[in-house]
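Structure record follows, encoded as structure tokens.
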Amino acid sequence: MSPAPTIRTQACSADQGRKRLQDARKFLEVADLVDDEPAVISAGDVANAFQRLLRIKDDAQYGLRTISAPKRRAALRHAGKMVDFAEHVLADAA
């Protein structure tokens, strides 16, 4: 088993957060369009969603094999949770 990925974070302004959220929405929209079925987005633990998404990301970005449909759907769910959380945080900051 490979070690858990190191997570780097840094503070950003509300404007930077809105820009990143806008980018995340676009990436999620594109991913949803190319998947066989729409993502199911539910409330949940964003930190767990992020960890799970990171595990899938390396395979998707650097792997030589195609990512399976269940893994793609899982990645869309995890990304959706993160986008929902970001929207909630930025709405509270406004």
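At an R0 of 25 angstrom, the distance between the Cβ atoms of D58 and A93 translates into a FRET efficiency of 0.20. Phi angles across region 79-94 convert, under the Karplus curve 6.51 cos²θ - 1.76 cosθ + 1.60 with θ = phi - 60°, into 3J(HN,Hα) values of 5, x, 4, 5, 5, 4, 4, 4, 4, 5, 4, 5, 5, 5, 7, 6 Hz, Gly and Pro given as x. In a fully extended conformation the segment linking R18 and A47 would gain 8.5 nm over its present Cα-Cα distance, using 0.36 nm per residue.
Laboratory data are not the source of any read-out in this text; all were calculated from the coordinates shown. Fair warning: this is a prediction, and the values are worked out from it, not measured in the lab. No Cβ is skipped: glycine too gets one built from the backbone with ideal geometry, and neighbour counts run over all protein chains shown.
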